[in-house]
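Read the structure below first, then the notes.
The values are calculated or read from the model by the stated rules, or taken from the named source; none is laboratory data. All values derive from a computational prediction rather than experimental measurement. Backbone-built Cβ (ideal geometry, glycine too); neighbour counts: all protein chains shown. Quick note on the areas: whole protein, heavy atoms, side chains included, nothing else; ligands and nucleic acids left out. Shrake-Rupley method; radii C 1.70, N 1.55, O 1.52, S 1.80 Å.
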Amino acid sequence: MNATSSLTITRLTKEYANGVKALDGVSLTIEPGMFGLLGPNGAGKSSLMRTLATLQEADAGEVSLGELDVLRDKEEVRRQLGYLPQEFGVYPKVSALLLLDHLALLKGFRNKAERREMVDYLLQKVNLFEHRTKAVSSFSGGMRQRFGIAQCLIGSPKLVIVDEPTAGLDPGERNRFYTILSEIGEQTIVILSTHIVQDVRELCTRMAIMDKGQVLYEGTTDDALALITGKVFEKQVEKEDLEAFRNAYRVLSSKMVGGKPRVHVLAEEDPGNGFAPAGESLEDVYFAKLNNII
């Protein structure tokens, strides 16, 4: 895939009938590879994904995939798109083999022999071939997500969108999912929309942070970490002192460790008072951006 197949999003806007501005002038350029889209619930991630997947209209803005106008050429976009939403339904008693074959037929693959070869290949790729005759509705959460990736890959799409794919998966299934996504990302644009910072750090070289419909950061994960390198300090405090620390320092986050809050603060130099240097993490960048600290 060449550079002309990048996804370019320009001043994309979407406001719902209730007055919520889900997308507020979003602009991003996404090259082939794994791209992480981070943000809390309500940040606008799913609205952006649904717009890119041609499931809803934008109020204004432009989106292009190479030479393709994503907002106007919806039928062609759907032929070049793989989409795994947060929730996807399945027919109650249909096997993985038959359902994937049916989805491939719907996507325009008429030749039965070619379709069967592709379906077998995709089921093997996501390690479900030995379960191909079982009903997808009987699959575990992780197996169902892997089936979701298989249906994403029908027709070798140029753009793959996965929305909150690892929520609820156990560590083993998450690792298997990571491996599959990494392999896909070597050849196509994969947008991983999530609120799980670890997913982005482990999978993506480029990322964006969104909140309230706006892009707060776009760049590499390494450049994001460089924003806070050597500036994060931590200390375990008493619960009753937490509010005072919030007032006295630029607190990035606090989480319970051994029954007591451990706070991370951002400071240009060692703040003293018992604080110790903390290794910078993407989670610290995430909270710093969300709280407008950097």
Candidate set: the range 120-131, residues that are open to solvent by less than 60 Å² (accessible area, probe 1.4 Å) and not hydrophobic (A, V, I, L, M, F, W, C); chosen: the one nearest to Tyr83 (Cα to Cα): Asp120
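So which of Asp241, Asp223 ends up being exposed (fewer than 15 other Cβ atoms within 10 Å of the Cβ) and more than 22 Å from the chain's Cα centre (by Cα)? Quick ask: steps written out before the conclusion?
Working: Asp223 fails: more than 22 Å from the chain's Cα centre (by Cα).
Testing whether each residue is exposed (fewer than 15 other Cβ atoms within 10 Å of the Cβ) and more than 22 Å from the chain's Cα centre (by Cα) leaves just Asp241.
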Any pair with Cβ under 8 angstrom, 6 or more apart, that starts in the range 180-202 at a residue that is within 12 Å of Thr166 (Cβ to Cβ) and among the aliphatic types (A, V, I, L, M) and ends at one that is open to solvent by 10 Å² or more (accessible area, probe 1.4 Å) and part of a strand (DSSP E or B): Leu181/Met34; Leu192/Met34
Breaking point among (1) touching a helix residue (DSSP H, G or I) at 6+ places or on another chain (Cβ under 9 Å); (2) open to solvent by less than 20 Å² (accessible area, probe 1.4 Å), for Glu202: (2)
Among (1) surrounded by 13 or more Cβ atoms within 10 Å (Cβ to Cβ); (2) within 24 Å of the chain's Cα centre (by Cα), the one test that Pro271 misses: (2)
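Please indicate, with yes or no, whether at least one residue in the range 157-170 is farther than 26 Å from Leu52 by Cα and either outside any loop (DSSP other than H, G, I, E, B) or not hydrophobic (A, V, I, L, M, F, W, C) (or both).
Applying the first criterion (farther than 26 Å from Leu52 by Cα) to the range 157-170 yields 170.
With the extra rule that they be either outside any loop (DSSP other than H, G, I, E, B) or not hydrophobic (A, V, I, L, M, F, W, C) (or both), the set shrinks to 170.
Yes.
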Hits in the range 170-222 (condition: under 16 Å from Ser27 (Cα atoms) and of a type in the set (Asp, Glu)): Asp211, Glu218
From Arg262, Arg250, Arg176, residue being open to solvent by 30 Å² or more (accessible area, probe 1.4 Å), in the same structural domain as Phe139 (by the TED database) and over 13 Å from the mean Cα position of the chain (by Cα): Arg176
Odd one out for Val136 among (1) open to solvent by 20 Å² or more (accessible area, probe 1.4 Å); (2) touching a strand residue (DSSP E or B) at 6+ places or on another chain (Cβ under 8 Å): (1)
